[in-house]
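Coordinate-derived values only; no laboratory data. Values in this document were obtained by computation on a predicted structure and should not be read as measured data. Cβ placement follows ideal geometry from the backbone for every residue including glycine, while neighbour counts extend to all protein chains displayed.
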Amino acid sequence: MMKIRWLASIVLLFSAFYVLGCVSRPVPPLRVATNTWSGYEPLYLARSLGFYSADEIRLVEMNSASKVSDAVRNGTVEAAALTLDEVLSLLQDGIELQVVLVIDVSNGADALVAKAKIDSLQDLRGHRVGYEAGATGAIMLQAAMEAANLHPRDLKLVPLSVDQHLSAWDADKIDAVVTFDPIRAQLLSVGGRVLFDSHQVPGRIVDVLVVRKDAMHKQREHLQRLLSGHFAALDYLGKSPADASSRMSARLGVPPAQVLEQYQGLKFPDCRENRQSLDFSKSELRGVAESLAHLMLDRRLLTKSVSVESLTNPDFLPNCLK
Amino acid sequence: MKPIRTLHIRFWLPTAILLVFTLSFLISAVKQRQMIETDIEQRSWNKVQQSLAATSTRVGIFLRLGNRGLVADEVADYGVDLNVEALVLLDDEARVIESTRRDWIGREAAGVVAGFDRKQFDAVQRTNAKRLFFNQDHSRIFGYQPVAFPPTKGEIRSNRIGVLMLNYDLRSEKIGLWGELLRQRLLIWSLSLGLVLIPIWIFIARISRPLHILTSAVRRFGAGDRDVTVLIEGKGELAELSEAWNRMHAELMLTLNQLEQSNENLEVTLFSIGDAVIATDAQGKVTRMNAVAQKLTGWALEEAVGLPMSEVFRIVSAETRLAASDPVAQVLATGEVVGLANHTVLIARDGREYHIADSAAPIRDRDSRIIGVVLVFRDVTEEYALRDDAMKNELMLRTIVETQPECVKLLDRKGALIQMNRAGLRMIEADSLEQVLGRNVGQIVLPAYREAFNDLCDRVFQGESGTLEFEIEGLKGGHRWLETHAVPMRDTQGKITALLGITRDVSARKQADIELRIAATAFETQEGIMVTDADNRILRINRAFSRITGYTEAEVLGRSPSFLKSGRHDLNFYREMWQTIKQEQYWQGEIWNRRKSGEVFPEWLTITGIRNDAGQLVNYVASFSDISDFKAQEAKIHNLAFYDPLTGLPNRRLLYDRLQQSLAASARNKAYGAILFIDLDNFKMINDTRGHDVGDLLLIDVARRLKDCVRAEDTVARLGGDEFVVMLDNLSDDEHAAGQQVEVVGDKILQIFSNSFTINGQAHHTTPSIGVCLYHNHEFTVDELLKRADSAMYKAKQSGRNALCYFDPNMQSALEARLLLEAEMRRALPLSDFKLYFQKQVNDAGKVVGAEVLLRWEHPERGLVPPSEFIPLAEETGLIVQIGEWVLEEACAQLKRWESNPLTSDLQLAVNVSARQFRQGTFADVVANALLMSGADPNRLKLELTESLVLENIEDTIAKMHKLKDMGVGFSMDDFGTGQSSLTYLKKLPLDQLKIDQSFVSDVTEDADDAIIVQTIIAMAINLDLDVIAEGVETEEQRSFLERSGCQVYQGYLFGRPVPIEEFEASLGR
């Protein structure tokens, strides 16, 4: 009798300690990298409104999309906000990740902005045009040239990462640039003119949130938090645009009034739309992704084809009607 | 032997090991954790240091290259590190240039960067050296790394220093630490624990089972199973134990057998005892009874065995008949020997009752555990009866002792209290006997008497008895006087066992004694005290009474104090005194009494009436003190207040007083008074030159002399210094007369100063300046009076001192006139200004028979001075004597001259003699001398005396008259009828002639009364054989009347006026 009792008590102690050890180890925060883009700003708005705590979610603020990409690639962050093309590049390199959220669809946010002296697209001929050497830039440029009936060799193309756009503009190293907000808005405020924007090619430029597969399970709760916070921030933006825009103004580097302007060029799918989009079997996102993959392959932005079969994962979206 | 404490091995051993293990595990875990923590901190520190340095360098380069993008990237990369809270690049003004939080860019670091410390920033700016430090709880590392800014345009090298600030959070690393640690070590712990525990278990088991066997064996044995042996083999301790048990078992069996044996023995013994014995087991059930017990309780042993004691041994309290407490139960409960309460009655089975005495005791085994109770009792009914009697006796004795009003006590050899009755306890103020039992009684005796007390105790214990009076302080502090009679108390052998003391409280008596003593002392005071009964008969006197009055007690007892009466107080005084006493039982006042010696003395007397409880007056107490001294003092004080100490004269105050009174009196009786202000002229000089002592003696002498000048009712006062005042009271009510009186006194005063004052053998002269002021009818106040007198005195001084001066100028001039006249009068005599005039005296035939000689003063300037003016003055000043003498001589000479002339040889001369003159002792001789010198015939000379003159000093008058009569001189009574002489008196005088006063003669024809008087006088004269002459005859009618009445000689204007000698002689011829 005593023996059993003893045995039992030891086992009890054992498990107690174990559990203690387990329980006391907390889950580290989810690192989400973004660059500075007004589309991603709702996440920062959510942070500013206190929807995210530093223990759950850390927004890693990078200065260029390429840095963000690298971060995902290297695994120094678990999640990131990227354009779809960037995602495909990563997939090509074998990085295992999934899209868990469609953040925004460019509807004018991406634009070709030219200096005042250039009146029309046609006038671009022979001028220096800066662009980010990524898919977005390529897509935009291509679309713009198509619209202007121009050929790449008609322009002097200057590859510039987005953080250089402004300084190059100021330094008069370029005459026009394919850029996006907030740089776009900033350039407009210094006299630039939009010659072509994504409004003219809707649905093509999509910004998404991706998560590395190896972090998904562990960071499940944080992810859910991230997403619900995003939607809540969008809600807030709709309901209190003034306050929202003043919060966002600092990071974006534009006055609050212009902040709202920029959102005119973006469309934010809500929870329901997201669910539709991410349900890959039926969504158009798949089509967009596939055609983009083609384009990139053509342009040698991708070196091998990628599969978009299991690109999306709607599991982290908050509950909303299907 | 102290029992060894054992533990439950099965439980405690594993537990102990477990505890030790866990404890060591935890300790090492803690230690480990600390180490890791430190390690984390150290590593983080290094990491931070390195990365900051590297970043700073790169940023510096990027800046120099102008590539902000790279800088931004560099900074942004830090965001990935979850430990990095924030990294910011600040310019030299602490503004954010780049940051892991883009919304901070452009803002002041202090405003947005959490944990930013300006001081550190400034320090880095100053020193251009990094600053790296932990926060307080080592949960963060802060790093400030300087960054070299590129030079701006125009600069060669930049002085601006940027700062990279890093906020590095260690918490996340630290947090999982503990759990991590535990989980890691847990496995090891449990493994090692298991490894240790298992062998122990086995080990225990080896011990446990044999122990169990042994335990159950013992238990069984204890339960009653005798036959228990243990079979455990081996070399170990347990085997030994088992061996030991077996041995013990054997011995135990032996002992038990022995016990049974002794039990039997006990039985036998019990039965043999004379007292009743009942034994019970540990539950109180009867196990044994002996025969006596069976007899007394009425129970047979066989029946009683196994029954509870209370059934067999039924006892009740003798008094209450309630069941007494069961001694057996008590013994079992307390383990102590229990004696039955007194008066316990055993009720036997058949109902018989016995008084019993008993005791119950526990039966213990060798280990002192109670295995039963043995109760022993016996029938004490008889004893009880005896005791009852004894108790009754004792109660009686006790009652006697206790109810004694006096203290009855017993003390032992050392003076400790053995016994004391209630009265005694009260005496010493004890609340109970217990309080004082065994204590030394001497403690409450006051120290003054303690020795005597102890001595008495000692003596009693040696066989003597004695008494003592002493004072005690009771336990509550009250003091009492006690009188004790102590005797030794002996036992049956005659040995002294205690002191028996009977003590009485004599405080009251003592108090009375004290009071008596006090009263006696009070009685013998300085004041005389006399106690009488209600009838005022003396009961007691004190010594002072005798001292003051001179009477002894024997002389006064029983008498009324009236023998003390001085006679100074009238009946009224005593009557009022007694009235006051009767009404108020009290009288106080001054009274003059008489000593035995006859001396009268003043007393301050207080008489108090004493009533008894019933309110009746039973005694009078008179107390008095001799206040003669007091009165003398009073007089002295009064004296001092009112009299000048040096001269004894009244002082200013008294003078004022008297002046007031005199003024008031003057107002009533209209008499005049006068004050003379006298100032000594050269006193100051004498005082200064001869000294104050001489001056004082002089003043005393002056005072004396002044007093001699005045009447007794006048006042001489000393105002102070050399000023004196004489108050002449009650002078004439005529101003002039008063003035003259004053002058007389004033003169006298001036006179007395004419003699020198002999002081200390030396002669001194001093003269007064006198100022006079008359007063009348309160017309002045005292002050005014004195002031006037003072100014009059001053005038006197001014006039040349040694003088008298009136305040009233009229008075003054009158005075001066008088003085002048006097002076002239003195001169008149030698200057022969006085002349004799002659007036005819005629008989009825018309013949001149003689003449009256009248003095006239022919003043060269004034002419004829009327005699009314100068004669009184002459009388006053005494000059009349000289003048009178001259008149006599001249008259005699004239007589002699007339002898030779037949016309005149028969004539007689009548000469007026003044009182003053006549009073002179030498008067007769003077007359005789004049006669002799002149050779005149005495028979011709007639001396005219006034009636009033004659009346004074009759003897002397008669003698002188006779003497002169013998010579042949004749006497005539002048102004007869106006005086107050009696007829018998007249008879004595050798008169020759009566002169009827002219006041009668003048209206003898008109006034019938005067006519009768004249006639009567004439008739009397004739009858007495005296000649009679009428004076102031002016008319014939008068003369004829007179003639008819029998008067034959006449003088008056009818016959002639007074004329000088020549005219007189000429008129004779006709």
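Taking 0.36 nm per intervening residue step and subtracting the Cα-Cα distance, what contour gain separates residue B:570 from residue B:369 on full extension? The partial results should precede the final answer.
Working: separation 201, 0.36 × 201 = 72.36 nm, distance 11.46 nm.
Between residue B:570 and residue B:369, full extension yields an extra 60.9 nm.
Using a 10 Å cut-off around each Cβ, can you sort B:570, B:629 from fewest to most neighbouring Cβ atoms? Don't skip to the end; give the middle numbers.
Details: B:570 8, B:629 11.
If I rank by nearby Cβ atoms, fewest first, I get B:570, B:629.
Hey, fewest Cβ within 10 Å first, where do B:557, B:52 land in order?
Fewest-to-most ranking of B:557, B:52: B:557, B:52.
According to the square roots a ≥ b ≥ c of the eigenvalues of the Cα gyration tensor, what is the shape class of the protein assembly as shown, taking rounded for a/c under 1.5, prolate for a/b larger than b/c otherwise, and oblate for the remainder? Walk me through the numbers on the way to the answer.
Values: a/c = 6.24, a/b = 1.98, b/c = 3.15.
Note, shape of the protein assembly as shown comes out oblate.
Residue B:540 versus residue B:682, label points 7 Å from Cα toward the beta carbon: distance in nm?
7.5
Given the protein assembly as shown, what percent of its DSSP beta bridges are antiparallel, to the nearest 5?
Here the share of antiparallel DSSP bridges comes out near 80 percent.
Tell me, what does the Kirkwood hydrodynamic radius of chain B come to in angstroms if you use every pair of distinct C-alpha atoms?
51.5
Can you tell me how much longer the chain between residue B:799 and residue B:50 gets when fully stretched, taken as 0.36 nm per residue apart minus their C-alpha distance, in nm with one decimal? Let's see the in-between values first.
Working: separation 749, 0.36 × 749 = 269.64 nm, distance 14.36 nm.
Difference between extended and current length: 255.3 nm.
Mind giving me the FRET efficiency for residue B:646 and residue B:741? R0 is 30 Å, r the Cβ-Cβ distance, nearest 0.05 is fine. Could you put the intermediate results ahead of the total?
Details: r = 29 Å, r/R0 = 0.98.
The value I calculate is 0.55.
Going through the DSSP H helices of chain A, which span 20 Å or more along their own axis at the Cα atoms while scoring at least -1.0 as a mean Kyte-Doolittle hydropathy?
Those that clear 20 Å and a mean of -1.0 are A:2-23, A:220-239, A:284-298.
Which number comes out as Rg/Rh for the stretch B:646-807 once both Rg and the Kirkwood Rh are worked out on C-alpha atoms?
Rounded to two decimals, Rg/Rh equals 0.97.
Roughly what angle does helix B:1036-1045 make with the longest principal axis of chain B, taking Cα atoms, 0 to 90 degrees, to the nearest 10?
Orientation of helix B:1036-1045: about 90 degrees from the principal axis.
Can you give the three extents of the C-alpha atoms in the stretch B:273-386 along their principal axes, from longest to shortest, in whole Å?
Over the stretch B:273-386, Cα extents along the principal axes are 43, 28, 25 Å.
Which GluC sites (Glu not before Pro) in the stretch B:1033-1070 pass both tests, a DSSP loop state and at most 16 other beta-carbon atoms within 10 Å? Walk me through the numbers on the way to the answer.
On the way: sites: B:1034, B:1036, B:1037, B:1043, B:1062, B:1063, B:1065; in loops: B:1034.
Sparse-neighbourhood loop GluC sites (Glu not before Pro): B:1034.
Please arrange A:320, B:709, B:892 by how many other C-beta atoms lie within 10 Å of their C-beta, fewest to most.
Ascending Cβ contact count within 10 Å gives the list A:320, B:709, B:892.
How much net charge surrounds residue A:185 when only the other residues with a Cβ under 14 Å from the Cβ of residue A:185 are counted, with Lys and Arg +1 and Asp and Glu -1?
Local charge sum for residue A:185: -2.
At 7 Å along Cα-to-Cβ for each site, give me the label-to-label distance between residue B:38 and residue B:696 in nm.
Those two pseudo-labels are separated by 11.8 nm.
Over the alpha-carbon set of the stretch B:524-631, divide Rg by the Kirkwood Rh and report the Rg/Rh ratio to two decimals.
Values: Rg = 13.3 Å, Rh = 14.1 Å.
Looking at the stretch B:524-631, the ratio lands at 0.95.
What FRET efficiency would be calculated for the residue pair residue B:416, residue B:496, taking the C-beta separation as r and a Förster radius of 22 Å, to the nearest 0.05?
0.90
Give a quick list of GluC sites (Glu not before Pro) in the stretch B:319-412 that DSSP marks as loop, anything other than H, G, I, E or B, with at most 16 other Cβ atoms within 10 Å.
On the way: sites: B:319, B:336, B:353, B:382, B:383, B:394, B:402, B:406; in loops: B:319, B:336, B:406.
The qualifying sites are B:319, B:336.
Write down the percent of antiparallel bridges among all DSSP beta bridges whose residues are both part of chain A, to the nearest 5.
Roughly 60 percent of the beta bridges in chain A run antiparallel, per DSSP.
Given B:835/B:988; B:684/B:707; B:510/B:582; B:414/B:476, which pairs have Cα atoms separated by over 28 Å?
B:835/B:988; B:510/B:582
In the structure shown, do any of A:156/A:267; B:670/B:795; B:840/B:942; A:218/B:31 have a Cα-Cα gap over 22 Å, and if so which?
A:156/A:267; B:670/B:795; A:218/B:31
Over chain B, what is the relative contact order in percent, taking alpha-carbon pairs closer than 8 angstrom and at least six residues apart? Please report the intermediate quantities before stating the final value.
Numbers: 1701 pairs, mean separation 40.4, N = 1070.
RCO, chain B: 4 percent.
How far apart, in nm, are the 7 Å Cα→Cβ label points at residue B:708 and residue B:897?
4.6
Work out, step by step, the length gained on full extension between residue B:398 and residue B:459: first 0.36 nm times the residue separation, then minus their alpha carbon distance; give nm to one decimal.
19.3 nm
How high is the FRET efficiency between residue B:269 and residue B:389 when r is their beta carbon distance and R₀ equals 56 Å, given to the nearest 0.05?
With a Förster radius of 56 Å, E is 0.95.
In cubic angstrom, how much convex hull volume per residue do the alpha carbon atoms of the stretch B:399-528 span?
Details: hull volume 16.2 nm³, N = 130.
Measuring per residue, one finds 125 Å³ for the Cα hull of the stretch B:399-528.
For the stretch B:524-631, what relative contact order do you get, as a whole percent, if you take Cα pairs closer than 8 Å and at least 6 residues apart?
Averaging sequence separation for qualifying contacts and normalising by length gives 28 percent for the stretch B:524-631.
Choose one answer from A:308, A:113, A:72: the residue with the largest mean-square fluctuation in a GNM of chain A with alpha-carbon springs under 10 Å.
A:308
Setting aside same-chain residues fewer than 8 positions from residue B:631, which lysines have a Cα under 23 Å from its Cα?
Straight-line reach from residue B:631, under 23 Å: B:565, B:596.
So what's the angle, to the nearest 10 degrees on a 0 to 90 scale, between helix B:118-127 and the longest Cα principal axis of chain B?
Helix B:118-127 sits roughly 80 degrees off the main axis of chain B.
Specify the inter-centroid distance of the stretch B:66-130 and the stretch A:63-130, based on alpha-carbon positions, in whole Å.
Each part reduced to its Cα centre gives a spacing of 28 Å.
Mind pulling the angle between the C-alpha long axis of helix B:809-828 and the longest principal axis of chain B? Nearest 10 degrees, somewhere in 0 to 90.
40
Counting only the backbone N, which residues of the stretch B:896-922 are under 17 Å from the spot 7 Å out from the Cα of residue B:963 toward its beta-carbon?
B:913-922
Would you mind counting up the charge near residue B:1015? Only other residues with Cβ under 13 Å from its Cβ, with Lys and Arg at +1 and Asp and Glu at -1.
-3
Starting from the stretch B:421-500, pick out the GluC sites (Glu not before Pro) whose DSSP state is loop and whose Cβ has at most 14 other Cβ atoms within 10 Å.
B:464
Alpha carbon centre of the stretch B:286-362 versus the stretch B:565-602: separation in Å?
Rounded to whole Å, the Cα centres lie 99 Å apart.
Lysines near residue B:119 by alpha-carbon distance under 22 Å, same-chain residues fewer than 8 away left out - which ones?
Within reach: B:130.
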